Amino acid sequence: MQQTQAHAPTASSPTALPTGKLGLWWFLSSEIITFGGLIGSYTVLRLAHPEWAEAAQHLSVVIATVNTVVLLTSSLTMVLAFRAVDRQEDPAVRTWLGGTVTLGLVFLLIKALEWSGKLSAGMVPGVSGFWSFYYAMTGLHALHVLAGVVVNAVLLLVALRGRLRPVAQRVEMAGLYWHFVDLVWIFLFPLLYLS
Amino acid sequence: MTGERRHPNYVAVWYWLLGLALVSVSLSVLPLSHTFTVVLVFAAATAKAWLVALYYMHLRFERWLIYALALVPLVLFGILLLVLLPEIVSR
């Protein structure tokens with residue numbers, strides 16, 4: 001297949017990598033530190049506070065498992081959108097991007113319902129170190145999911161207007177970010193719900 | 001370089017991800033020792049993370065510089081854990 005506009009060369013000559021991809025991985029690198037700081041601190045403090053296990057019992061493994069499946073599936077739909085871009089299958093791009101946006105919204109809705117249940121039961125931030133960390137980590141993650149949903153929704157709108165082709169490499173960039181958000185949840189899930 | 005793109009079997013990876021998630025949840029409800037369960041659950045999480053990173057994020061097909069950007073912060077994360085370790089040991 002000939003090189004198409006979907007892969008418009010934007011290489012940074014010293015690295016021979018597309019500048020957008022290099023920049024995005026640089027950003028993800030800093031995000032690993034951001035989440036790593038919270039996750040690392042929580043891990044150490046959790047080991048030092050075995051009594052936090054009692055608080056963790058109040059979390060619903062069922063809800064979190066559903067959300068895990070939702071997010072893993074959204075990563076699949078996102079990467080399928082990326083493949084459809086490469087194959088210039090425009091209807092498939094729209095379908096898979098739409099699926100990713102929908103699943104992202106489902107995740108946020110389930111998270112909101114989970115939070116409201118906990119908050120109304122008095123499990124608020126600050127009542128213990130566990131709950132402070134729980135809301136900080138899942139809240140920061142949810143903000144990242146929301147940002148990803150917005151980005152993907154914008155790409156979907158552009159695709160629906162038939163104007164995605166000139167900027168199609170952005171689907172790959174958005175995908176990298178979305179998979180990272182999924183990666184963070186892959187660790188938050190066992191850390192908070194299964195430990 | 002995005003001219004020749006390799007697209008692995010994404011759906012197969014998804015099945016593996018779901019399977020590992022299911023294994024993790026199942027392990028957490030079995031009457032095993034807590035330490036053993038936690039180790040296995042995080043091993044499964046690491047495997048899932050590797051699958052997403054290698055195949056969905058295409059790290060498997062990227063140049064070394066991208067690997068470095070992904071791995072260096074993980075090393076820093078490990079250092080953070082080591083720095084905080086006395087917090088547990090002293091208790």
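Taking springs between alpha-carbon atoms closer than 10 angstrom, which of A:Leu24, A:Leu155, A:Leu71 fluctuates most in the Gaussian network model of chain A?
Result for chain A, Cα springs under 10 Å: A:Leu24 fluctuates most.
With unit charges on the beta carbons (Lys and Arg positive, Asp and Glu negative) and the dipole taken about the Cα centre of the protein assembly as shown, which residue among A:Ile63, B:Gly19, A:Ser132 sits farthest to the positive side?
With unit charges placed on the Cβ atoms, the residue in question is B:Gly19.
How crowded by other chains is A:63-71, given as the mean number of beta carbons from other chains within 10 Å of each beta carbon?
2
Roughly how many debye, to the nearest 20, is the charge dipole of the protein assembly as shown about its Cα centre, given +1 on each Lys and Arg Cβ, -1 on each Asp and Glu Cβ, and no other charges?
So the dipole magnitude of the protein assembly as shown works out to roughly 580 debye.
Would you mind pulling out the separation of the Cα centroids of region B:1-63 and region A:27-86, in Å?
Centre-to-centre distance over Cα atoms comes out at 13 Å.
Taking each residue of A:48-59 in turn, how many C-beta atoms of other protein chains fall within 10 Å of its C-beta, and what is the average?
On the way: counts 6, 2, 2, 0, 0, 1, 0, 0, 0, 0, 0, 0.
Mean inter-chain Cβ contacts per residue within 10 Å come to 1.
What is the average number of partner chain Cβ atoms found within 10 Å of a Cβ in A:72-79?
6
For A:Arg163 and A:Ser116, calculate 0.36 nm times their separation in residues minus their Cα-Cα distance, and state this gained length in nm to one decimal.
13.0 nm
Compute the helix-to-body angle for A:90-120: its Cα long axis versus the longest principal axis of chain A, expressed 0 to 90° and rounded to tens.
10 degrees
For helix A:129-160, report the angle its Cα long axis makes with the longest principal axis of the Cα atoms of chain A; keep it between 0 and 90° and round to the nearest 10°.
It works out to around 20 degrees.
Quick check: pseudo-label points 7 Å beyond the Cα along Cα→Cβ at A:Val154 and A:Phe27, how many nm apart are they?
Simple spin-label model gives 0.9 nm for this pair.
Suppose the chain between B:Tyr15 and B:Leu65 were pulled fully straight at 0.36 nm per residue; how much longer would it get relative to their current alpha carbon spacing?
Details: separation 50, 0.36 × 50 = 18.00 nm, distance 2.97 nm.
Between B:Tyr15 and B:Leu65, full extension yields 15.0 nm more.
Rounded to the nearest 10 degrees, what's the angle between the helix A:169-188 long axis and the longest principal axis of chain A, both from Cα atoms, 0 to 90?
Orientation of helix A:169-188: about 20 degrees from the principal axis.
If neighbour count is taken as other Cβ atoms inside 10 Å, put A:Lys111, B:Lys48, A:Lys21, A:Lys118 in order from fewest to most.
Placing the least packed residue first, the sequence is A:Lys118, A:Lys111, A:Lys21, B:Lys48.
To the nearest 500 deg cm²/dmol, what mean residue ellipticity at 222 nm is calculated for chain A from DSSP H runs of n ≥ 4 alone, each contributing -39,500 (n - 2.57), summed and divided by the residues?
-26000 deg cm²/dmol
Helix-derived [θ] at 222 nm for chain B: sum -39500 (n - 2.57) over DSSP H runs of at least 4, divide by residue count, nearest 500?
Computed ellipticity for chain B at 222 nm equals -23000 deg cm²/dmol.
Quickly work out the B:Ile79-to-B:Leu30 label distance, labels modelled 7 Å from Cα along the C-beta direction, and quote it in nm with one decimal.
If labels sit at B:Leu30 and B:Ile79, their model points lie 3.8 nm apart.
Taken together, the values in this text are just the output of simple stated rules run on the coordinates, not laboratory data. Because the structure is predicted, anything quoted here is derived from the model rather than measured. Every residue, glycine among them, receives a Cβ derived from its backbone with ideal geometry; neighbour counts consider all protein chains shown.
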